[in-house]
């Protein structure tokens, strides 16, 4: 039994057994205890080095921030100076442009009118400045023209000499020659008919029409003006849509011009200033839209000049006598005497007393009312019943807001003379 156990016993993995079997004994690693060395000194040095690097970076960052702040402060100072200067200039410009509406006592109303005027300029491709043919230079608003020329969009400016029936034909021709040295100018007479539709329009050119024909109620000059606007609608061979702003002093006939071109009463008209208060758009045809603007007044103006341009309601005048004195100085006294049927007056007071007697203007107690007589004379002046016109200057001088380049650019459109 013992022999059998010894026989079945597996050989051990001893070196003797390995040698006998021809195998190498497996190498047995004996683990020895490892001792952890302290790295505190090394870690402290690394931390100190890292801290020094961070401090250096912070100092460099602070220096850069300080330099940027210095530059930013200088730039912001310069920008602040420029901003303040621009704000001051814009306020001054706004105040000057608000002076184009001195006929309005309420500042809020003046601002509203100015806003409407700027809308017309902004939306328009072409601006028609309507002038009274009796005093074209007195009706021109150079400040408004400068605003149009400064506006974006390469806007065109055309002068329209309206109310040509109130001035001798040879004087009209002289004014056309004078004004066409600066800007395109068209002679025009708005229709004075009272019907709502089918306003009469005469196709006879203004230059060929007789003075008696011009004094009829029909419209003259519309064909030529439409031809000019049609040229602005063309870009090469392609026709495009345009908006045409109509601006000018009160009572120069802006709304009447639009109605005459439309041949219907599209805009309200009247002999008193301030009828048009908001921008009005009128479709003339499929290519042209007209924009009517509130009346503007160039500023600064003397009160008398503003009154004689019909920029203030006659009935609201505190002193209507002084403007009448100016009228007597400007006009032919013989024609005025014949019109009112008075003669032999030496002073304005004598003239107004005679007119008051003629018209039956009296105060309580039977005293003749000079103020009411003066208002009647001013109303006749505004409506054109008193004959008056000015002559163009003998020598032409280009206005300061116009240059030779602007004149050349504006007069590219051919206007038939």
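Were the residues from residue 62 through residue 223 laid out at 0.36 nm apart, the gain over their Cα-Cα distance would be 50.4 nm. Among 252, 158, sorting on how many other beta-carbon atoms sit within 10 Å of each Cβ, with the fewest leading, yields 158, 252.
Determine, from the Cβ-Cβ distance of residue 212 and residue 394 and an R0 of 22 Å, the FRET efficiency 1/(1 + (r/R0)^6), rounded to the nearest 0.05. Efficiency at R0 = 22 Å is approximately 0.15. Taking the fewest neighbouring Cβ atoms within 10 Å as the starting point, the ordered list for 119, 156, 385 is 385, 119, 156. Between residue 285 and residue 173, what FRET efficiency follows from the Cβ-Cβ distance if R0 is 35 Å, with the result rounded to 0.05? Here the calculated transfer efficiency is 0.70. Approximating the spin labels as points 7 Å out from Cα along Cα→Cβ, the residue 79-to-residue 200 distance works out to 6.7 nm. For the pair residue 325 and residue 404, label points projected 7 Å from Cα toward Cβ lie 4.6 nm apart. Once both labels are positioned 7 Å from their Cα atoms along Cα-to-Cβ, the gap between residue 363 and residue 339 label points is 2.6 nm.
With a 10 Å Cβ neighbour count serving as the proxy for reagent exposure, in which order, fewest first, do 67, 372 appear?
67, 372
Readers should treat all values here as calculations from the given coordinates under stated rules, not as data from a laboratory. Note that this is a predicted model, so its numbers are computed, not measured. Glycine also receives a Cβ, built like all others from the backbone with ideal geometry; neighbour counts cover every protein chain displayed.
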